[in-house]
Structure formats: structure tokens, C-alpha cells
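The values are calculated or read from the model by the stated rules, or taken from the named source; none is laboratory data. Quick caveat: nothing in here was measured; it's all calculated off a predicted structure. Cβ coordinates were reconstructed from backbone atoms using ideal geometry, including for glycine residues, and neighbour counts include every protein chain displayed. Just so you know, the surface numbers come from the protein's heavy atoms only, side chains and all, with ligands and any DNA or RNA stripped out. Shrake-Rupley method; radii C 1.70, N 1.55, O 1.52, S 1.80 Å.
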Amino acid sequence: FKMCPGRVLCKLPCSGEKEVDLAVQSAKAAFKIWSQMSGMERCRVMLEAARIIREQRDEIATMETMNNGKSIFEARVDIDISWQCLEYYAGLAGSLAGEHIQLPGGSFGYTRREPLGVCVGIGAWNYPFQIACWKSGPALACGNAMVFKPSPFTPISVVRLAEIFTEAGVPKGLFNVVQGGAATGQFLCQHPDVAKISFTGSVPTGMKIMEMAAKGIKPVTLELGGKSPLIIFSDSDLENAVNGALMANFLTQGEVCCNGTRVFVERKILDTFTKEVVKRTQKIKIGDPLLEDTRMGALINQPHLNRVQGFIKQAKEQGAEVLCGGDLYVPDDPKLKNGYYMRPCVLGNCRDDMTCVKEEIFGPVMAILPFDTEEEVVERANATKFGLAGGVFTRDIQKAHRVVAALKAGMCFINNYNISPVELPFGGYKSSGFGRENGRAAIEYYSQLKTVCVEMGDVESVF
């Protein structure tokens with residue numbers, strides 16, 4: 001593989017209504033087989049898929065870098081999280097069970113945890129392969145089938161996942177991939193044989209999906225945008241806090257929904273913290289994402305790069321100060337001159353009412369805001385329509401737990417950021433969506449409970 005921005009890798013036709021129906025019907029047929037298998041049988045197949053991904057980690061990571069533009073270093077981490085996800089849900093597949101409830105007179109009841117049917121997964125372009133595993137792992141463990149639509153900007157690596165599931169031994173059609181944009185997604189959401197929709201992406205698209213699902217009374221999981229607060233107290237370990245701020249803002253070129261892009265810094269360490277963050281940000285190696293020492297690759301496409309640049313221009317107009325970066329970056333390698341690169345940006349002199357502080361930029365742009373008291377910063381941190389994540393850096397562990405308890409966010413970090421082990425549930429509050437991915441919690445969103453009441457005596461009629 002060679003990185004050559006702007007080069008066409010392949011051409012994929014968009015799936016229309018006919019193709020979507022074929023994919024759903026194929027998944028529906030596979031579901032009849034898969035749902036009747038025992039949890040342990042499903043476990044073995046999923047473990048085999050995880051093994052294949054683990055063995056092909058470098059090849060799949062390279063494909064993901066070509067697909068998305070992120071550094072190969074990060075892509076390998078994504079692939080590791082992916083096979084770990086399948087291993088985790090493989091382990092849970094054999095343990096899924098209902099419960100027995102004793103009733104008077106020897107009667108009893110029991111519950112069955114049953115699959116939903118054909119589930120739809122709609123992925124985002126920032127973590128294409130990983131998101132597909134996050135959605136398919138619990139779905140398949142519970143006995144469901146899945147039709148997955150990746151973003152049209154990153155269509156490639158999910159096709160490889162479908163091949164891997166087939167190699168591992170799932171029934172043909174159990175994990176189907178359809179390609180396309182909004183129209184394809186609409187056909188999926190409105191299909192009468194689709195039982196559930198899980199979407200990762202923007203708030204406006206999430207609202208449309210929820211509206212379409214409502215017409216068919218279909219349950220949805222929505223993992224949407226964020227403008228998450230990262231709170232740095234003066235008693236924190238400075239080096240650790242700086243590392244956390246970089247992790248919270250610049251992974252995957254800043255194109256991460258849970259990024260802590262509003263960095264609130266206690267005023268007494270504001271200058272020291274800001275100086276160190278700027279120094280470290282300026283050292284981030286940008287360029288060919290397939291090189292081992294690259295830490296920031298290219299943004300997803302030209303329109304998105306223009307959008308991010310527009311936010312920075314508007315921030316300056318509203319009084320923010322660009323402390324570093326924000327400009328386009330042209331690598332020395334002539335093959336990369338058409339790439340969508342920019343230098344990571346740190347904004348100072350920010351206020352809560354600025355657009356760059358209120359709206360999700362989804363690029364490598366950090367906004368630093370000073371604060372004076374714990375009460376004040378908690379109130380400001382929560383003053384947003386979003387509620388995906390939040391972070392706190394402090395040596396005072398009581399204060400840390402007190403602050404995260406007060407944050408209106410679904411995923412909180414203490415003295416770290418953007419760590420997403422598959423064992424822990426992930427999802428948002430407020431406009432950042434609802435439902436959970438990962439952890440045991442995801443099982444609740446890919447299964448349904450059936451209650452059975454058994455009478456051991458004669459029926460007593462009131463008639």
C-alpha cells in the first residue's frame with residue numbers, strides 16, 4: 001500500500017431499495033439458523049472471527065488507514081479493540097439466560113431472553129471497522145442478524161469484516177453490508193422486516209433516523225455528537241493533565257465524538273498549562289499516516305477540512321486567539337501534496353458563548369477556558385445540549401468523584417481520557433443520544449424479554 005491522497009481506491013455502487021431488500025431477506029433467512037443455535041455454538045464462531053482479526057491485525061489496520069486517513073499507530077489500536085469486542089461478546093453468548101420466579105401454590109414463572117431479529121447498524125467514518133464490531137458483537141451474541149451500512153466516505157474495511165464472519169462460520173447472510181448514503185439508510189430504517197436500528201453519527205441524522213423508526217415502532221440506539229468538558233484542577237499532575245488534554249482532542253485528527261474539546265483550566269495554572277499544551281501540540285508529527293512515527297494523518301475529505309477551517313476563522317472573528325496551528329499543512333513528500341492535512345490548533349481567550357465552544361467542530365481544535373471554582377466549572381460544563389463525555393484531572397479523589405457525579409454525561413473519565421474498554425458501557429445523555437454500546441448493558445439493547453407464567457393448579461375463574 002502507498003498513501004496517495006485523492007487517488008481512487010475502488011468504486012462501490014450504492015444500494016437501492018432492491019439491494020437493501022435482498023440484504024434484509026438474506027439476513028432474515030440466516031437469522032432463523034443463527035437464533036436456534038446455542039450460546040456456546042455462537043461463542044465458538046465469534047471467537048474464530050476474533051482470532052482471524054487478531055492474526056490479520058496489521059493488514060486490516062493498513063486498510064483502515066487507507067480508508068480513513070488516521071495514523072497506522074492508531075488504526076492498530078482500533079483493530080485490537082475490535083477483536084477484543086468480539087471476544088468479549090463471545091464470552092457472554094453462552095451465559096445469556098432468563099430467570100425463574102417461584103409463585104404461590106407451586107406455580108412459577110420464567111423469563112426468556114430472546115433475539116430481536118434483523119438489526120440494522122449504521123456506522124460513522126471515524127472508526128469504521130471498530131464501530132461495526134461494537135454493533136455486531138452484542139447483536140450476534142444475542143442471536144440476531146445484522147445489515148450494516150458504513151459511511152460512504154469509508155466503505156472498505158467493513159466489507160472485510162463481513163468476509164471474516166463468513167470465514168469464521170456464520171450462516172451465509174448473517175452479517176450483510178450495503179453501501180450508500182442517506183437514501184440507502186432510509187430504505188433500511190423503513191424496511192418492515194428490520195427489528196432495530198443502531199446509529200452512530202450526527203445529531204441531525206440521528207433525529208431523522210429516530211423519526212423513521214418511530215413510524216415502525218422500532219427500538220433505536222443513538223450514539224451522536226458531543227462537546228465534552230475536560231476539567232483541569234490546579235492540584236492535578238501537570239504532565240498527566242497535558243497528556244490527557246492531547247488525548248482528549250487530537251486522536252484521529254480530532255474527529256472523535258466524545259473528545260473533550262472544552263478544556264476548563266483552573267486559573268492559577270492556566271498560563272503554565274497552556275504553555276505546555278502549545279509546546280506539545282506543536283511537536284505532533286503530521287504526515288503520511290502509514291509511517292510508524294506519524295501521529296496525525298489527514299482529515300476525512302476536502303469539505304470537512306473546509307468546515308473545520310471555517311470554525312477557526314469564525315473563532316478568531318469572535319475574539320479567540322490562535323495559540324498554535326489551525327493552518328493547512330503541506331507535507332514534504334510530493335505524493336501527499338493534495339492531502340487534507342492541517343496543523344492541530346489550540347485556541348485561547350475563549351468564552352462560553354463562542355461558536356467554537358458551543359458547536360462540535362469534529363477536527364483537531366482545542367478550546368481552553370479558565371475557571372475559578374468547582375461549583376462554577378460544573379455549571380458551565382453542563383451548559384450544553386450535548387452530554388456524551390466528560391473528564392476530570394485532580395489529585396483529590398473525593399473531588400474527582402464529586403464532580404463526575406455532577407456532570408450530565410454518559411461517559412466520564414478521571415485522570416485519563418478517551419479510554420474505551422469494551423467491558424464498559426458507552427453512550428450519551430441529552431442530545432448525545434441514548435442506549436448503550438459495549439459492556440453487559442448492550443445486551444439489553446439487542447434482546448427482548450419474554451415472560452412465561454405457569455399455573456400448576458386449577459384456574460380460578462372470577463366469572
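Using the structure shown, decide if L299 is within 23 Å of T154 (Cβ to Cβ) and at pLDDT 95 or above. Against the criterion (within 23 Å of T154 (Cβ to Cβ) and at pLDDT 95 or above), L299 qualifies. Given the criteria open to solvent by 40 Å² or more (accessible area, probe 1.4 Å), free of Cβ contacts under 8 Å to residues at least 24 places away in the same chain and of a type in the set (D, E), does E87 qualify? Taking the combined requirement at face value, the residue does not satisfy it. Inside the stretch 448-463, residues that are over 13 Å from I101 (Cα atoms) and either in contact with a Ser or Thr (Cβ under 6 Å, 6 or more places away or on another chain) or free of Cβ contacts under 8 Å to residues at least 40 places away in the same chain (or both) make up a count of 8. Only one entry of E163, E64, E74, E99 meets the criterion of being in contact with a strand residue (DSSP E or B) (Cβ under 7 Å, 6 or more places away or on another chain) and of a type in the set (D, E), and that entry is E99.
Residue count for the stretch 159-170 satisfying the condition of being open to solvent by less than 20 Å² (accessible area, probe 1.4 Å) and either part of a loop (DSSP other than H, G, I, E, B) or touching a Ser or Thr at 6+ places or on another chain (Cβ under 9 Å) (or both): 3. Taking residues in the stretch 178-191 that are free of Cβ contacts under 8 Å to residues at least 60 places away in the same chain, and partners anywhere that are crowded, with 21+ Cβ neighbours inside 10 Å and in a helix (DSSP H, G or I), not one pair has Cβ atoms closer than 6 Å while being at least 6 places apart or on different chains. Among the residues of the stretch 187-212, those identified as assigned to a strand (DSSP E or B), of a type in the set (A, V, I, L, M, F, W, C) and out of contact with any Asp or Glu (no Cβ under 9 Å at 6 or more places or on another chain) are V194, A195, I197.
In the set L140, L96, only one residue is touching a residue at least 60 places away in the same chain (Cβ under 8 Å) and surrounded by fewer than 23 Cβ atoms within 10 Å (Cβ to Cβ); that residue is L96.
The helices (runs of 4 or more DSSP H) located wholly in the stretch 1-107 that include 3 or more residues which are more than 30 Å from D332 (Cβ to Cβ) and among the small types (G, A, S) occupy 17-34, 39-55, 72-93.
What pairs come up if the first residue lies in the stretch 53-74 and is in contact (Cβ under 8 Å) with a residue 40 or more places away in the chain and over 13 Å from Q253 (Cα atoms), the second is among the polar types (S, T, N, Q) and open to solvent by 10 Å² or more (accessible area, probe 1.4 Å), and their beta carbons are under 9 Å apart, counting only those six or more places apart or on different chains? Final answer for the pair search is E64/Q130. With respect to the conditions (1) in a helix (DSSP H, G or I); (2) crowded, with 24+ Cβ neighbours inside 10 Å, L246 falls short on a single one, namely (2). When I33 is tested against the conditions (1) open to solvent by 80 Å² or more (accessible area, probe 1.4 Å); (2) closer than 15 Å to S157 by Cα; (3) in contact (Cβ under 8 Å) with a residue 60 or more places away in the chain, the lone failure is (2). Under the condition of being of a type outside the set (S, T, Y) and buried (at least 16 other Cβ atoms within 10 Å of the Cβ), the residues counted in the stretch 326-348 number 11. The set of residues from the stretch 171-198 being closer than 26 Å to S432 by Cβ, of a type in the set (A, V, I, L, M, F, W, C) and open to solvent by less than 10 Å² (accessible area, probe 1.4 Å) comprises L188, C189, V194, I197. Residues in the stretch 382-413 that are closer than 16 Å to N249 by Cα and either open to solvent by 30 Å² or more (accessible area, probe 1.4 Å) or in contact with a strand residue (DSSP E or B) (Cβ under 6 Å, 6 or more places away or on another chain) (or both): A389, G390, G391, V392, F393, M411, C412, F413.
For the stretch 258-287, a tally of residues being closer than 21 Å to M66 by Cα and either among the polar types (S, T, N, Q) or crowded, with 21+ Cβ neighbours inside 10 Å (or both) returns 2.
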